[in-house]
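For reference, the structure is listed below as structure tokens.
The values are calculated or read from the model by the stated rules, or taken from the named source; none is laboratory data. Remember, it's a predicted structure, so these values are computed and weren't measured experimentally. Neighbour counts are summed over all protein chains in view; Cβ atoms, including those assigned to glycine, are modelled from backbone coordinates with ideal geometry.
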Amino acid sequence: MDYRAWVWVNGVWVAYHEGGHTPFQADITPALRRENRLVVRVEFTPDIDRGEAMVEFYAHHSAPDQQLEVEVTFAGEIVAAAAAPLSQARIAQTLSLKDPQLWSPERPNLYKAVLRIKAGDEVVDEVHSDFGMRKIAVENGAIMLNNRPLTMNLVLDQGYHPKGLLTPPTDDDIRRDVELVKAMGFNGVRKHQKDRRPALSVLG
């Protein structure tokens, strides 16, 4: 967040913050209602050696009468699926991916994931995300990507844009940045000062 922020929850103003690209928190208790949203966080951890992806679900509170489903696709085809009741704060499952398509700067393959919370046959909520199958390690002082040595050739990105200063006007402007970086022979970007926009992860 840069630089001033006003935050409302359920129409109630709960916080004001000043600061450049800095996190903040607020007590939103006075804004809560009898009915509030269940927030679920999902993390994908790839294991290219086993051809698996560990899926971890985190819920703010349990809801045994509801179920979380995850469906993974690649190139439009379903390659894995799992489901679990929201009976615990943390649930972990392993998805097996046959012939995993690895991510690299040259081939930035991404899997698509659809996450659904269901109460019986009713879909309560649905969100779409992406993840890549890759492995980053250091062996004998060398950086390894997917078990192969990687020579990093990075560019420093300050993130300024002629039409929007710190904010890219459109996702097409972000795409153009990525295309220019790769055209100049770089295989990575060191983002400076600010968090990257979600679109950059997809384009990368």
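Inspection of region 185-202 identifies no residue that is exposed (fewer than 11 other Cβ atoms within 10 Å of the Cβ), modelled with pLDDT of 90 or more and not in a loop (DSSP other than H, G, I, E, B). Scanning for something β-branched (Val, Ile, Thr), in contact with a helix residue (DSSP H, G or I) (Cβ under 6 Å, 6 or more places away or on another chain) and either loosely packed, with under 15 Cβ neighbours inside 10 Å or outside the structural domain of ALA63 (by TED's automatic domain parsing) (or both), does region 162-174 turn up at least one residue? Yes, that holds for at least one residue.
Quick test for you: out of ASP99, ASP125, ASP121, ASP130, pick the one residue that is within 30 Å of ALA63 (Cβ to Cβ) and exposed (fewer than 11 other Cβ atoms within 10 Å of the Cβ).
Result: ASP121 is the single residue among ASP99, ASP125, ASP121, ASP130 that is within 30 Å of ALA63 (Cβ to Cβ) and exposed (fewer than 11 other Cβ atoms within 10 Å of the Cβ).
Being over 21 Å from the mean Cα position of the chain (by Cα), under 12 Å from SER104 (Cβ atoms) and assigned to a loop (DSSP other than H, G, I, E, B) is the filter here; which residues of region 123-161 pass it? Within region 123-161, ASN147, LEU150 meet the criteria.
Considering only residues that are out of contact with any strand residue (DSSP E or B) (no Cβ under 6 Å at 6 or more places or on another chain) and aliphatic (A, V, I, L, M), which ones fall in region 156-180? Once the filter is applied, which keeps residues that are out of contact with any strand residue (DSSP E or B) (no Cβ under 6 Å at 6 or more places or on another chain) and aliphatic (A, V, I, L, M), region 156-180 yields LEU165, LEU166, ILE174, VAL178, LEU180. Condition check for THR151 on (1) within 26 Å of THR73 (Cβ to Cβ); (2) surrounded by fewer than 14 Cβ atoms within 10 Å (Cβ to Cβ): one failure, at (1).
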